[in-house]
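Contents: one structure, followed by commentary.
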């Protein structure tokens, strides 16, 4: 409701024994196991078939975008109604108060004010392709019979836990993901020379302690053979690197050791207005002429280098 900027009409008839406040409150705040699914009306029959012989219960519907309210009904009686922005302001109040003390107060206030804007759609995306379609060119399927898929090193270090998801994503995109631990490169068991891509995986490297990412980067910079392997990788014209992490510091510093070897330059970091890593979602577009894009928040970090 908050993220989608929409309203909800909640119907309690099938899950509450009566419309008395005592029964309504005990139902809404019970701690029994359950799940709530939002589905399109045209998909309802198929959805119910998936859960057969269980019988999912319809408990409400999504309101029109112009009606951003939570309405709770029992029969024809409306038991509760409140606007989305009022409920979100109450839910966000403690976070806002903490952000004003910890971060830039102006940024905290701006985020709070944005909640009251019903016309702000939030983060939206427009796909330029259909997810079910094969986005690989026709020549890929033809040449895949005689040519191997491009190899991508799925790089991980102590504490990293996002390597499985990263490997799956690259496999689905037509690459051949190779599981590579930093010790494989340091010991000489593996070389980046056999890969066209490098992906620094997400997670909590070195227990997510302060400066943990720098430890990862130093494992590259302080080992001559490893440093030379990374340097040779980035000096090639057919390579790319991707760093993704839900911990900004870890991913940023872990891939920095690789990125600085590109043309021998150091990266310059610019402090944002909030002065802190912001716990927000962000989006960006990679233009064909852009060689590097970096986006950092407390929960999502992505660095791309062509």
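Each value in this text was obtained by applying a stated rule to the coordinates, not by laboratory testing. Being a predicted model, the structure only gives us computed values, none of them experimental. All Cβ positions, even for glycine, are placed from backbone atoms using ideal geometry, and neighbour counts span all protein chains on display.
Does anything in region 47-83 have its amide N under 16 Å from the 7 Å Cα→Cβ label point of residue 118, and if so which residues?
What the label zone holds, given the 16 Å backbone N cut-off, is 63-71, 81-83.
Give me 72, 62 sorted ascending by neighbouring Cβ count inside 10 Å, so fewest comes first.
62, 72
Would you mind pulling out the separation of the Cα centroids of region 1-71 and region 145-199, in Å?
Value for the Cα centre distance between the two parts: 43 Å.
Sticking with the crude label model, points 7 Å out along Cα→Cβ, report the distance from residue 171 to residue 40 in nm, one decimal please.
Reported label-point gap for residue 171 and residue 40 is 2.9 nm.
Pull out a ≥ b ≥ c, the square roots of the eigenvalues of the alpha-carbon gyration tensor of region 8-84, then state rounded if a/c is under 1.5, prolate if not and a/b is larger than b/c, and oblate in the remaining case. All intermediate terms of the calculation are to be shown ahead of the outcome.
On the way: a/c = 2.13, a/b = 1.23, b/c = 1.74.
It comes out oblate by the Cα gyration axes.
Quick one: of the DSSP bridges fully inside region 8-84, what percent are antiparallel, nearest 5? Working shown, then result.
Details: 9 of 13 bridges.
Taking every DSSP beta bridge with both residues in region 8-84, the antiparallel ones total about 70 percent.
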